[in-house]
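> This is the structure I want to talk about, given as C-alpha cells.
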Amino acid sequence: MGHLSSRLAAILTERQISERQAAARSGMRFESFRKILRGKTARPRDATLRKIADGLGVPVEWLVEERARDANEQFASMFVVEDITAGEAVEIAIARVNELSPEEVEPLRGQLEELLRAMQKEASESQRD
C-alpha cells in the first residue's frame, strides 16, 4: 500500500466513513475511488485529489504530498491544479485569500487584475464572433 492509499485509509477509519460514502461525498464513481484507495491508479490528477479532499474535509496538500512521496517526487506546498478554467481559478483564489500573508497579497493582486482583463477581452471578442 502506498503513502496516498495509507493516508486515505487512515482518514476513512478516523472519520468512520465507508469507501462508498467517501466516493459519494467526493462526487466520484465508487470504482474510481476504490482504485485510488487500493493504489491501482498510479498518479491521480490534481483535480481528482481536490474532489477527494473536499469530500473528506481534509487539506488537498495532504493528498498531493502523499502522491508525490509515492512517485519519489519533490513536494512543494504550492502546487498547480490541473484541468480548471480561469474562472474556477479565480474562485479558488478568492476563497483562499485569507490564507495569504499581507506581503503575498499585492503581487497577486496585479496578476489577478491581468487575468481579469484577459478574460474580459476574450469574452468581448467571443461576443463579436
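> Run the quick spin-label model on residue 9 and residue 118: label points 7 Å from Cα toward the beta carbon, then report their separation in nm to one decimal.
If labels sit at residue 9 and residue 118, their model points lie 4.3 nm apart.
> Positive end of the charge dipole of region 11-55 (Lys, Arg +1 and Asp, Glu -1 on Cβ, about the Cα centre): tell me which of 52, 33, 16 has its Cα farthest that way.
Of the listed residues, the answer is 33.
> With all protein chains present, calculate the accessible area of residue 31 using a 1.4 Å probe and round the result to the nearest 10 Å².
We get 100 Å² for residue 31.
> Can you bin region 1-60 into rounded, prolate or oblate? Criterion: square roots of the alpha carbon gyration tensor eigenvalues sorted a ≥ b ≥ c, rounded for a/c under 1.5, prolate for a/b above b/c, oblate for the rest. Provide the component values of the computation, followed by the final result.
On the way: a/c = 1.25, a/b = 1.11, b/c = 1.12.
Taking the square roots of the gyration eigenvalues as a ≥ b ≥ c, region 1-60 is rounded.
> Residue 125 to residue 91: FRET efficiency via 1/(1 + (r/R0)^6), r the Cβ-Cβ distance, R0 35 Å, to the nearest 0.05? Please list the in-between numbers first.
On the way: r = 22 Å, r/R0 = 0.64.
For R0 = 35 Å, the calculated efficiency reads 0.95.
> A further question on this structure: For residue 106 and residue 71 in one chain, what is 0.36 nm times their gap in residues minus the Cα-Cα distance, to one decimal in nm?
Values: separation 35, 0.36 × 35 = 12.60 nm, distance 3.47 nm.
Gain on stretching residue 106 to residue 71: 9.1 nm.
The values are calculated or read from the model by the stated rules, or taken from the named source; none is laboratory data. This structure is a prediction, so every number in the text was calculated from the model and none was measured. As a convention, Cβ positions derive from the backbone with ideal geometry for all residues, glycine included, and neighbour counts pool all protein chains shown. Side chains included, ligands, DNA and RNA excluded: accessible areas come from the protein's heavy atoms. Shrake-Rupley method; radii C 1.70, N 1.55, O 1.52, S 1.80 Å.
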